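**Q** Okay, handing you the structure first.
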Amino acid sequence: MTVYYFTFRSMTGAMSSAMKLRKQGLRVMPIRSPEALRKQGCGYCIAMEEEQYHRSRGSLRPGEYEKLYENRDGHWKELRE
């Protein structure tokens with residue numbers, strides 16, 4: 001299974017982006033970042049499965065979030081958009 005994580009430094013940024021995605025019909029919620037991502041300085045994230053990620057493409061622009069990560073079967077990879 002693949003899960004995508006948009007990371008944020010603050011809860012405010014994560015909440016603002018989650019509201020934007022919810023207006024587009026995506027069911028997302030800001031959460032504490034997994035430990036592996038907190039080491040990168042990102043405390044909050046929005047996690048979404050592959051289908052939601054593809055539906056959200058282009059909704060969040062770089063600058064609205066810190067980094068984007070993919071977790072495929074337990075293996076982390078930073079993505080560049």
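**Q** So Met15 passes all but one of these: (1) out of contact with any strand residue (DSSP E or B) (no Cβ under 6 Å at 6 or more places or on another chain); (2) open to solvent by 90 Å² or more (accessible area, probe 1.4 Å). Which condition number does it fail?
**A** (1)
**Q** While we're here: Hey, which of the helices (runs of 4 or more DSSP H) in the chain, taking only ones fully inside, have at least 3 residues that are modelled with pLDDT of 95 or more and among the hydrophobic types (A, V, I, L, M, F, W, C)?
**A** Values: elements: 11-22, 35-38, 50-56.
Per the criteria, 11-22.
**Q** With over 16 Å from Pro62 (Cβ atoms) and either within 11 Å of the chain's Cα centre (by Cα) or not basic (Lys, Arg) (or both) as the only criterion, which of Ser10, Ser17 stands out?
**A** Numbers: Ser17 fails: over 16 Å from Pro62 (Cβ atoms).
On inspection, the qualifying residue turns out to be Ser10.
**Q** Six or more apart or on different chains, Cβ atoms under 7 Å: show the pairs whose first residue is in segment 53-81 and more than 10 Å from Phe6 (Cα to Cα) and whose second is open to solvent by 70 Å² or more (accessible area, probe 1.4 Å) and assigned to a strand (DSSP E or B).
**A** Partner pairs satisfying both residue conditions: Glu81/Pro62.
**Q** Tell me, please, whether a residue that is among the hydroxyl-bearing types (Ser, Thr, Tyr) and touching a Leu at 6+ places or on another chain (Cβ under 8 Å) can be found in segment 36-45. Before you say what the answer is, go through the steps one by one.
**A** Filtering segment 36-45 for residues among the hydroxyl-bearing types (Ser, Thr, Tyr) gives 44.
Next, only the ones that are touching a Leu at 6+ places or on another chain (Cβ under 8 Å) stay: none.
Checked against the condition, which is being among the hydroxyl-bearing types (Ser, Thr, Tyr) and touching a Leu at 6+ places or on another chain (Cβ under 8 Å), segment 36-45 yields no hits at all.
The values are calculated or read from the model by the stated rules, or taken from the named source; none is laboratory data. It should be emphasised that the depicted structure is a prediction, and the values quoted were computed from it without experimental measurement. Glycine gets a Cβ as well: all are built from the backbone with ideal geometry, and neighbour counts include every protein chain shown. We work out accessible area using only protein heavy atoms, side chains counted, and drop any ligands, DNA or RNA first. Shrake-Rupley method; radii C 1.70, N 1.55, O 1.52, S 1.80 Å.
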